[in-house]
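Asks: Quick one: structure below, then a few questions.
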Amino acid sequence: MMNCGWAWMASAVMTVCAAAGADERVGGGAVQAPVGEETKFLSNITQLTGTDMGLLKAGEAYFSPDAKMVIFQAFPVGASEYQIYTLELATRKLRMVSTGKGACTCAHFRPDGKKIIFASTHLDPDIGKPKDKDAGGGYRWFFHEHMDIFEANIDGSNLRRLTDVLGYDAEGTYSPDGKHIVFTSQRDGDLEIYVMDADGRNQRRITNGKGYDGGPFFSPDGSRILYRGDRRGDGKMNLQIRVVNKDGSNDRALTDNPIFNWCPYWHPSGKYFIFTQVNHEAWSTGKAPNYDLFLMTPDGSKTQRITFDSQFDGLPVFSADGERMMWTSKRGPLAESQVFMADFKPPAEFP
């Protein structure tokens, strides 16, 4: 899966999907009850995407600034790669906003709601050859050397390339003022965090630790960047949650364990963030792992588990007012991951 840099394995497809740029109206989302302890934090859990929309699987969704729309990546039924979609929550209007070519991932709204960014391989001169496919098995995403970041209007028009360097460029998100984009790049041989101006200029590297650094997000005040990084060097992808100042100083780990910590995202208050963590026992014994969502304070001193479903929960985000949470899950009878949304109530012991 993503956030970014990770993807689901492709599975059998059944029917033909809508053409690129087409609109489709769908019915209301299915509602599910919270599981166990989730009732303390989540209510009105709603499945936003599904196969009834022509989407075999979907995930890594983000709210628009006014929370009236979401943007996400999805694997259309009958297609061979992920594409980028928007969904209007009130009207249930679905639109593909990527080109329909290549592999796409990591979409995000500009804070003023007038632009989007996403990563795509649609300009790869050898598009369609085997390197476009998942190359690692399991959930590992192939770091395609022709993956670049693009800007567009929210309907996908006026597409403009922002990165043009050989090497994977993806996992981009905006700063709170919309003036900068933080992203992940492999242009220098190692996966590191970079910052550029929102127009693609002044691209500069801010992390320098051997291993996979990715999934970065600016703090609500724009001073820090939260990300996940693998610095153990043991080849086991033991990602830890890390934070670094926007100038690259004071880079430090907030988690320190032998397991998988992933996809951190700030609460708009800046007083805590949410992230995904794998089940300790399953990870250490080699069993099929389960993933759940946890809150943590920025100093790493306090944590709280939020989801308790037996299936995958990951890639969590908050709306700009902090009152709704959205994430990717395989809960319920789902065979593949889809996007869910719920009303969110923080634990009393969190600020």
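Values quoted throughout were computed directly from the atomic coordinates according to the rules given, and no laboratory measurement underlies them. What you see is a predicted model, and the numbers here were worked out from it, not measured in a lab. No Cβ is skipped: glycine too gets one built from the backbone with ideal geometry, and neighbour counts run over all protein chains shown.
Asks: A 20 angstrom limit on the alpha carbon distance is what I want to check against. Which of 101/129; 129/236; 236/271; 210/271 exceed it?
Replies: Values: 101/129 12 Å; 129/236 29 Å; 236/271 31 Å; 210/271 29 Å.
The pairs that break the limit, which is 20 Å between Cα atoms, are 129/236; 236/271; 210/271.
Asks: Any idea which of 43, 76, 90 is furthest toward the positive side of the dipole for the range 26-126, if Lys and Arg beta-carbons carry +1 and Asp and Glu beta-carbons -1?
Replies: Towards the positive end, the residue furthest out is 90.
Asks: Whole-Hz Karplus ³J(HN,Hα) for the range 255-262, in order, using 6.51 cos²θ - 1.76 cosθ + 1.60 and θ = phi - 60°, x for Gly and Pro?
Replies: Values per residue, Gly and Pro as x: 10, 8, 8, x, 10, 9, 10, 8 Hz.
Asks: Something else about it: Which of rounded, prolate or oblate describes the chain when judged by the alpha-carbon gyration tensor and an a/c cut-off of 1.5? Walk me through the intermediate numbers first.
Replies: Numbers: a/c = 1.26, a/b = 1.04, b/c = 1.21.
Rounded shape, in that the Cα axes give a/c under 1.5.
Asks: Length gain on complete extension for the stretch residue 310 to residue 91, per 0.36 nm per residue less the alpha carbon to alpha carbon distance? Write out the running numbers ahead of the final one.
Replies: Working: separation 219, 0.36 × 219 = 78.84 nm, distance 3.14 nm.
The residue 310-residue 91 span can extend by a further 75.7 nm.
Asks: When the Karplus curve 6.51 cos²θ - 1.76 cosθ + 1.60 is applied with θ = phi - 60°, which whole-Hz ³J(HN,Hα) does each residue of the range 32-41 get, with x for Gly and Pro?
Replies: Along the range 32-41, the couplings run 10, 7, x, 9, x, 5, 4, 4, 6, 10 Hz.
Asks: At residue 320 and residue 101, where each label point lies 7 Å from the Cα along Cα→Cβ, what is the point-to-point distance in nanometres?
Replies: 3.4 nm
Asks: Whole-Hz ³J(HN,Hα) for each residue in the range 247-252, computed from phi via Karplus 6.51 cos²θ - 1.76 cosθ + 1.60 with θ = phi - 60°, x for glycine and proline: what do you get?
Replies: Ordered by residue, 3J(HN,Hα) equals 8, x, 7, 6, 7, 8 Hz.
Asks: Over the range 151-277, what is the relative contact order in percent, taking alpha-carbon pairs closer than 8 angstrom and at least six residues apart?
Replies: Numbers: 296 pairs, mean separation 19.4, N = 127.
That works out to 15 percent.
Asks: Evaluate the charge dipole of the chain about its Cα centre and quote only its size in Debye, nearest 20, assuming +1 on the Cβ of each Lys and Arg and -1 on the Cβ of each Asp and Glu.
Replies: Numbers: 39 positive and 44 negative charges, 16 e Å.
Computed charge dipole of the chain: roughly 80 debye.
Asks: Right, next: At 0.36 nm per residue, and after removing the present C-alpha to C-alpha distance, how many nm does the segment from residue 67 to residue 30 gain when stretched out fully?
Replies: Values: separation 37, 0.36 × 37 = 13.32 nm, distance 1.90 nm.
Difference between extended and current length: 11.4 nm.
Asks: Once amide H atoms are built 1.01 Å from N in the peptide plane, which residues 5 or more positions from residue 212, or in another chain, come under 5 Å H to H?
Replies: Here 230 satisfy the definition.
Asks: Moving to a separate point now. Would you kindly state how much longer the chain becomes between residue 297 and residue 44 on full extension, computed as 0.36 nm times their sequence separation minus their alpha carbon distance, in nm to one decimal?
Replies: Numbers: separation 253, 0.36 × 253 = 91.08 nm, distance 2.54 nm.
So the chain would gain 88.5 nm between residue 297 and residue 44.
Asks: Continuing with this model, one more query. Where is the GNM fluctuation largest for the chain (alpha-carbon springs, 10 angstrom cutoff): 152, 90, 198?
Replies: Judging by the Gaussian network model, the answer is 90.
Asks: How high is the relative contact order of the chain? Use alpha-carbon pairs under 8 Å, at least six apart in sequence, and give a whole percent. It would help to have the intermediate numbers written out before the result.
Replies: Working: 972 pairs, mean separation 52.3, N = 351.
About 15 percent, as a whole number.
Asks: Among rounded, prolate and oblate, which fits the range 115-271 when a ≥ b ≥ c are the square roots of the eigenvalues of its C-alpha gyration tensor, a/c under 1.5 means rounded, and a/b larger than b/c means prolate? Could you put the intermediate results ahead of the total?
Replies: Numbers: a/c = 1.82, a/b = 1.13, b/c = 1.62.
The shape class here is oblate.
Asks: Now for a different question. With the Cα gyration tensor of the range 210-351 giving a ≥ b ≥ c as the square roots of its eigenvalues, does the rule (a/c under 1.5 for rounded; else a/b larger than b/c for prolate; else oblate) give rounded, prolate or oblate? The partial results should precede the final answer.
Replies: Working: a/c = 1.77, a/b = 1.07, b/c = 1.65.
Oblate shape, in that a/c is at least 1.5 and b/c is the bigger or equal ratio.
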